[in-house]
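Have a look at the structure below, then the notes.
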Amino acid sequence: MNQPLPTYQTQIPQGFIDLGAGDPPLSLLPLDLLREAAQVSLSQKDNSFLQYGTEQGFGPCRAALAEFLGNGEGFMVRPENLFITNGISGSLNLICDLFTQPGDTIFVEEPTYFLALKIFADHKLNLISIPTDESGLVIDVLEEKLKEDHPKFLYFIPTFQNPTGHTLTQERRDRLVDLSQKHDFLLIADEVYQFLYFTQRPPKSFASYLNAENVIAMGTFSKILAPGLRLGWLHLHAKNIKQFVECGLLDSGGGLNPFASAIVTEVIKSGGFEKNIKTLNEIYSSRVKVMDQALRKYLPQLTYTVPHGGYFFWAQLPEGMPASSLREKAIQFKVDFRPGNKFSSTGGFRDRIRIGFAFYESAEIVEGITRLANCLNSK
Ligand SMILES: Cc1ncc(COP(=O)(O)O)c(C=O)c1O
């Protein structure tokens, strides 16, 4: 009999624990919540969400989202400043389409989200990397680089960064916005993990720079509801909306994902969205603790800081141990991780690994770390 064709993307071989995984686990994708919301939207008389959508995005979704974001973040969010997208990956692709030409220079963090690097490669952009430390992007270095180059935009992940887990401080945020205005380039903030915090609330979204015309804050439902929805948003100054809504993609296809938007509108209105985020934060915060304890117990040779949100630990291997050779051995121990150089546009971080705490339950996290320790300690 033929094998059934796959329904979702997984590359984890049977029996492996892939600590590198950056997806939410299937068990935390809220089918009941979405079923109830879909029932509400599908039993209404209004079927307009089955039509080509308005270019800026399904109105009721922008209204519900604006209220949710405004309440959560404590500043005014207007539906007029929201543009519905098909997630951050799609947003980034569209931003590259609209604001860059092949050969243009952009700035990225070092390290950064490896799949964003792929989108930039698709657009043949010239990348200049700016170092980061525990407080995020190093603004003094950025200032120096701006004397030599003028980027079209800076792409950065300000909160619970992927892969480092670090968060850009408020003081650096303010300096960054000042610099971007002085040197006239766009700030493209990837805020995928903004709502996944386990201790205190992180600094406000870049959307809080309400009057900054050059700031685009990208949000997504992928990690706080479900990536299969392919739904996200941009928060941007009214001046920039025109360029998005008038582009060929939307002229031909209409606004992005009105069907998913209608269902998500009901999820938000029911209060289920807020509850879902709370549940995720409780579960993930206990998984962080489990991973931290397991690392301390079985892998005291690794150095790292415990993340306060997001998905990942970014750990330094003992001196002289490249992640690439550890990974070759790891196959025998049925464990995997992401090697640090994947997140570098210059081939750096060869002694770092990214391991995620979101994807597995506690027992598998401990088992995964034990396997990694056995691998690391083997001759
Ligand atoms: C930093 C970062 N940006 C974007 C994405 C992808 O977002 P989306 O599913 O909205 O395309 C991810 C997913 O892991 C991510 O870690």
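Below, the figures for the structure above:
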{"quantity": "Cα-derived Rg to Rh of the range 187-309, Kirkwood definition", "calculated": "1.07"}
{"quantity": "Cα gyration tensor category, rounded, prolate or oblate, for the chain with a/c compared to 1.5", "calculated": "oblate"}
{"quantity": "Difference of contour (0.36 nm per residue) and Cα-Cα distance, LEU115 to ILE12", "calculated": "35.3 nm"}
{"quantity": "Equivalent ellipsoid semi-axes - Cα gyration tensor, the range 1-144, angstrom", "calculated": "33, 27, 18"}
{"quantity": "Euclidean distance of C-alpha centroids, the range 2-24 and the range 33-66, integer Å", "calculated": "31"}
{"quantity": "Cβ-derived FRET efficiency at R0 25 Å, GLN200 paired with VAL40, nearest 0.05", "calculated": "0.15"}
{"quantity": "The range 199-257 shape via C-alpha gyration tensor axes, a/c threshold 1.5", "calculated": "oblate"}
{"quantity": "Likely footprinting exposure, MET321, MET218, fewest C-beta neighbours within 10 Å first", "calculated": "MET321, MET218"}
{"quantity": "Calculated FRET value between HIS237 and LYS334, using beta carbons and R₀ = 30 Å, to 0.05", "calculated": "0.05"}
{"quantity": "Likely footprinting exposure, ARG287, ARG327, fewest C-beta neighbours within 10 Å first", "calculated": "ARG327, ARG287"}
{"quantity": "Highest to lowest packing among 47-57, 187-197, 89-99, scored as the average C-beta count within 10 Å", "calculated": "187-197, 89-99, 47-57"}
{"quantity": "Ranked by how many other beta carbons lie within 10 Å on average, peptides 154-164, 349-359, 138-148, 115-125 from highest", "calculated": "154-164, 349-359, 115-125, 138-148"}
{"quantity": "Estimated dipole of the range 122-177 in Debye, rounded to 20 [Cβ of Lys and Arg +1, of Asp and Glu -1, Cα centre]", "calculated": "220"}
{"quantity": "Gap separating the Cα centres of the range 138-167 and the range 273-329, nearest whole Å", "calculated": "24"}
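Coordinate-derived values only; no laboratory data. Since we're looking at a predicted model, the values are computed, not measured. Positions of Cβ are generated from backbone atoms using ideal geometry, with glycine treated the same way; all protein chains shown enter the neighbour counts.
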